[in-house]
Amino acid sequence: MKVEIVKRAREVLDIEAEAIKALRKKIGSNFQKAVNLILKTRGRVVVSGMGKTGIIAQKFSATLASTGTPSLFLHTAEAIHGDLGKVTPEDVVIVISNSGSTDEMKQLLPLLKKIGAKIIALTGNTKSILAKYSDVLLDISVKKEACPLGLAPTASTTATLAMTDALAVCLLECKNFKEKDFAFFHPGGALGRRLLLKVEDIMRKGPANPIVNEEKKVSQVLLKITHARAGSATVVDKKGRLKGIFTDGDLRRHLETDVNLPKRKIREVMTLNPTVVNKDMLAAEAMRILQEKKIDEIPVVDKNMHPIGLLDVQDLLRAGVL
């Protein structure tokens, strides 16, 4: 029995893979027209469908919205019960229906035409009423469904999903949509954190950023680091300009050879000319610098080399910048 299940599962995947492969031959001038129509629209892209096709339509609309094409989903049945008011003459309406000839379709299409919106049809029936009312027709018909009864949408919905993905990807490339644009629409996700967070958003400031004069004794500096719960202190000259940094690593290295370390001046044992970053740098870039230099803290300075913050690798990790 297990062998038959595995065999059947592979057959399903083969059927659906062939359905997608067959779409390649249908990509031509109409596909180009559909993309151009969407690019030129001054309104939104309204994606309509119902049932299982409606789920694909919702996903397509969400993909468009997150990749720079304003979009909303319109349930085909709800459209003729009030939601048609969402559509304007400036919109492009993408109607997805395998049969293209449902009762709802017969009511909806004349109304869309009356509104003045352009219609792009994705249908498996190129002779349907949907095909006839469309300004651009995309054929998503499949040879057969993976369902042995030929009833449950399987290969047809897979092909529909693939066609909508092809449209979405072509649109984002035509719009020159970049990672930073994607991050703007996904500020709560990992990519958003990586591409939108700046050093200023994460750096330690005020009491959490220990800054000491180069004439201070090591013992005094250690107390300030402890109170700030930091792993280092930034060292400045009498004009407040950065001179160096004193870290836990510096402390351990000098303790091994200098029993009088607590009485030494910090300028004698600090690390000179440390690597620095500015507050406007992306947090992800700062993380890269920390990793390359194999350090845990880095001073944040202004254009005059005055320390204004301290960036700690643990803060970056907590912020989700990896």
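Quick note: the coordinates plus some simple rules give every number you see, no bench work behind them. None of these values were measured; they are calculated from a predicted model. No Cβ is skipped: glycine too gets one built from the backbone with ideal geometry, and neighbour counts run over all protein chains shown.
Here the range 238-255 is scanned for amide nitrogen atoms under 12 Å from the site 7 Å beyond the Cα of H227 along Cα-to-Cβ, giving none. Taking every alpha-carbon pair within the range 2-177, the share separated by more than 29 Å comes to 18 percent. Contact order for the chain, expressed relative to its length and based on alpha carbon pairs under 8 Å spaced 6+ residues apart, stands at 14 percent. Working note: Karplus 6.51/-1.76/1.60 with θ = phi - 60° gives the range 259-266 the couplings 6, 9, 3, x, 8, 6, 6, 5 Hz, where Gly and Pro are set to x.
Considering only Cα-Cα distances, which of the following residue pairs are longer than 32 Å: K114/K178; K7/K132; K7/K59; K59/K114? Pairs exceeding 32 Å: K114/K178; K7/K132.
For trypsin sites (Lys or Arg not before Pro), the sites in the range 37-124 that DSSP calls loop and that have at most 11 other Cβ atoms within 10 Å are R42. Every helix of 4 or more DSSP H residues in the chain counts as -39500 (n - 2.57), and over all residues that averages to -13500 deg cm²/dmol at 222 nm.
Hull volume per residue, based on the alpha-carbon atoms of the chain and their convex hull, is 216 Å³.
Fewest neighbouring Cβ atoms within 10 Å first, the residues L111, L197 line up as L111, L197. Between M305, M287, M163, the residue with the greatest mean-square fluctuation in the GNM of the chain (Cα pairs under 10 Å linked by springs) is M305. Overall size of the range 264-322 from C-alpha positions, given as principal axis extents largest first: 38, 24, 18 Å. The aspartates and glutamates whose alpha-carbon is closer than 15 Å to the alpha-carbon of K143, local same-chain residues fewer than 8 away aside, are E11, D14, E16, E18.
Across all Cα atoms of the range 199-318, the radius of gyration (one decimal) and Dmax (whole number) stand at 13.6, 41 Å. The antiparallel fraction among DSSP beta bridges confined to the chain stands at about 40%.
Cβ crowding within 10 Å, taken as a proxy for footprinting-reagent exposure, orders C170, C147 from fewest neighbours to most as C147, C170.
3J(HN,Hα) couplings calculated from phi for the range 157-169 with the Karplus curve 6.51 cos²θ - 1.76 cosθ + 1.60 (θ = phi - 60°) are, in sequence order, 6, 5, 5, 4, 4, 5, 5, 5, 5, 4, 4, 4, 5 Hz; Gly and Pro show x.
For the range 1-159, relative contact order (Cα pairs under 8 Å, six or more residues apart, normalised by length) works out to 24 percent. Of all lysines in the structure, those lying under 17 Å Cα to Cα from K217, and not within fewer than 8 positions of it along the same chain, are K238, K243, K263, K265. Measuring nothing but how far apart in sequence close Cα pairs (under 8 Å, 6+ apart) lie, relative to its length, the range 196-322 scores a relative contact order of 31 percent.
Put in line by how crowded their Cβ is, counting other Cβ atoms within 10 Å and starting with the fewest, D250, D135 read D135, D250.
Annotation: amide H of K198 within the under-5 Å range of A283, sequence separation 5 or more or interchain, hydrogens built in the peptide plane.
Between the range 34-84 and the range 204-253, the C-alpha centres lie 57 angstrom from each other.
The aspartates and glutamates within cross-link reach of K86, meaning a Cα-to-Cα straight distance under 13 Å and a gap of 8 or more places when in the same chain, are E78.
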